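Engineer: Got a structure for you, questions after.
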Amino acid sequence: MRLIIIGTLNGQIGAATRIALQRGAKVSQVEDIDQALNTLRAGRGADLAMIDVSLDVKHLVESLKAERINLPVVACGIGNDARAAVAAIRAGAKEYLPLPPEADLIAAVLEAVAEESHQLLFRDPAMGQVVKLAEQIAPSGASVMITGESGTGKEVMAHFIHARSPRAERPFVSVNCAAIPDTLLESELFGHEKGAFTGAVARRLGKFEEANGGTLLLDEISEMDIRLQAKLLRAIQEREIDRIGGSKPVKVDIRVIATSNRNLADEVAKGNFREDLLFRLNVVNLKLPPLRQRPADIELLATHFVKKYAEVNGVPERPLSPATLEALKQAPWRGNVRELENTMHRAVLLALGPQIEIGDIRLPDGSALADALGRPSPDGVATGDGAAAAPNLVGRTVADVERDLIIDTLKHCLGNRTHAANILGISIRTLRNKLKQYSDEGLAVPAANEGTRATA
C-alpha cells in the first residue's frame, strides 16, 4: 500500500504517518496539491491519497481525472465537522476521516483500499490447480497471460503472482487497456514530455516507468489498437521505452502480466492481435475457470461477501440458509465473482429475517433468483421455469425497465439514495444523474435522502 498525504493536517501529520507506517503502508507527504500532482506525474505512484480538508479537494479530484490518474481520495479534518465532511464527499472524496487519527480507523481505510479487492479466496479443486501453477511460476521473471471470462478474478490473480515474486516490495501498476481511448493509451503507457501534444501541460512518466523494478499489469490487452501493439512489443523485448516527444529511450526493468477475456489465437487469425506479441506475452498461461465450474468457491465467496457487506453497512451478519446456498450453486453466474459479490451486497441490505433466504436474492435486473431457478417463492407458490417473468418485459425498452427498477428500489429504501445505489450496484453519482434525468422528463421521483455520513 502506497499512501500520499497532502497538507500539514494542522500538526496531525506525524501521528497519521506513524499509524499508517505501523500498518505496513509506504508513506510520502507533500505540502499542497501541485506538489502532489508533480509527485504522481514523476512516476512515484500511490494507491490512496489523504488530503487536508482545508485544501481544495474538488481541484485535486478534477485534476486527477483530467490527467487520468486513478487514485481514491480520502479527506481529513480536525474533529467531526459535518459540513466539511459533506463538502468533501460532494467534491469527490471517497470518505472523510476525522482527526486526531484513530489507529483502527486508519487501518480500516487502508484495508478497504488494499486488502479486500486483492484477496484470493478459493476452495474448489478446479481453482486450486490454477493457484498451484501460479505459485510455481511466481518467483520467475516470465511474462504471464491470464485468461478467463469477465469477473473471474484475473486482476486478483495478477496481484497474487506479484506478491509471491521477488518484486513484491516494488510497485504493482495496472493499466486497463479497454478503459482508455486509443489516442491516450500510448501516453498512459510510455509517458510524454511537456508540450508533446495539446494538453500535455507537464512532463509525465508513463506506467512502464512507474512500474520500474516491479510488475506491470496490462488488463484486457486484447482491446489495444494493433498499431500500438508494435511499440509495446519493442518495449517488452528491448526493456526500454520512448516517451512521446522524448529525445532518447529510457531503460525499464519490469515483469509484464497481461489479461484477456477473449481467445487471442482467434484475434490473431482475425488480424486484430499481433502473433509475435502473443508469443512474447504468453510464456505461461493461466486460464481461470468460470464461477459456475467452481461450486465449492461459490459458498466460500458468498459467505465472505455477506460478512464484508454486513460490516460495511452496519447491519447484522445473517447466515445464508441451506436452501439459499443450494440455489446459489445452481445459478449460472454469467458475471462470475463480480456478479456474485454485487448479489450478496443486495441480499445483505434486503434481508430482514434471521437468515438470508432465497427470496432475498435479487438478480441485477431486479428479478428474484427463485424465479430464474423455478424455486418456490416465500409464500410457497412455485414460480415456474424462469420464463414466467419474461412476458412482463418483452416489448419494453431497456431504458424503461431500468427506470422502473431504479425508482422502485429508491421507494423500497424510503428515499435513501446511498442505500438504493448499493442495492443497484451503481455509484451515488450515477443514481443522482439518472434521477435528475427522470425529473427533467416530468416523472415523479421520491424525495432525496442521500444518507451521506462522516466516518466516526
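Engineer: If you take every DSSP beta bridge fully contained in the chain, what fraction is antiparallel? Give it as a percent rounded to 5.
Structural biologist: Roughly 10 percent of the DSSP beta bridges within the chain come out antiparallel.
Engineer: Starting from 0.36 nm per residue, how many nanometres of slack lie between V86 and K132 once their C-alpha separation is accounted for?
Structural biologist: 11.9 nm
Engineer: Subtract the Cα-Cα distance of L363 and A444 from 0.36 nm times their separation in residues, and report this length gain in nm to one decimal.
Structural biologist: Separation in residues times 0.36 nm, less the Cα-Cα distance, equals 26.6 nm.
Engineer: Quick one, which of [x] 24.3; [y] 23.4; [z] 22.2 is the actual Kirkwood radius over Cα pairs in Å calculated for this model?
Structural biologist: Only one listed value fits the structure, namely [x].
Engineer: Within the range 160-195, report the GluC sites (Glu not before Pro) that DSSP leaves as loop and that have at most 16 other Cβ atoms within 10 Å.
Structural biologist: E169, E193
Engineer: Right, next: Net charge near I236, counting Lys/Arg +1 and Asp/Glu -1 over other residues with Cβ under 14 Å of its Cβ?
Structural biologist: +3
Engineer: Under 5 Å between amide H atoms, partner at least 5 residues away or on a different chain: which partners does L320 have, H built in plane at 1.01 Å?
Structural biologist: I356
Engineer: As an exercise, identify the trypsin sites (Lys or Arg not before Pro) in the range 196-303 lying in DSSP coil whose Cβ has no more than 10 other Cβ atoms within 10 Å.
Structural biologist: K270
Engineer: What number, rounded to the nearest 500 deg cm²/dmol, is the helix-based mean residue ellipticity at 222 nm of the chain, given -39500 (n - 2.57) per DSSP H run of at least four residues and division by all its residues?
Structural biologist: The helix-only estimate for the chain comes to -13000 deg cm²/dmol at 222 nm.
Engineer: Another question, if that's okay. Which whole-number percentage describes the relative contact order of the range 245-334, with Cα contacts under 8 Å and a sequence gap of 6 or more?
Structural biologist: Reported relative contact order: 23 percent.
Engineer: Next question. Between A202 and K270, with labels modelled 7 Å along Cα→Cβ, what's the label distance in nm to one decimal, could you check?
Structural biologist: Result: 4.0 nm between the two label points.
Engineer: Compute the signed sum of charges (Lys and Arg +1, Asp and Glu -1) over the other residues within less than 13 Å, Cβ to Cβ, of R262.
Structural biologist: In short, -3.
Engineer: If I take every Cα pair under 8 Å that is 6 or more residues apart in the chain, average their sequence separation and divide by the length, what percent do I get for the relative contact order?
Structural biologist: Computed value for the chain: 13 percent relative contact order.
Engineer: Most exposed first by the Cβ proxy, i.e. fewest other Cβ within 10 Å, how do E357, E299 rank?
Structural biologist: E299, E357
Since every read-out is calculated from the coordinates, none of them should be taken as a lab result. Fair warning: this is a prediction, and the values are worked out from it, not measured in the lab. Backbone-built Cβ (ideal geometry, glycine too); neighbour counts: all protein chains shown.
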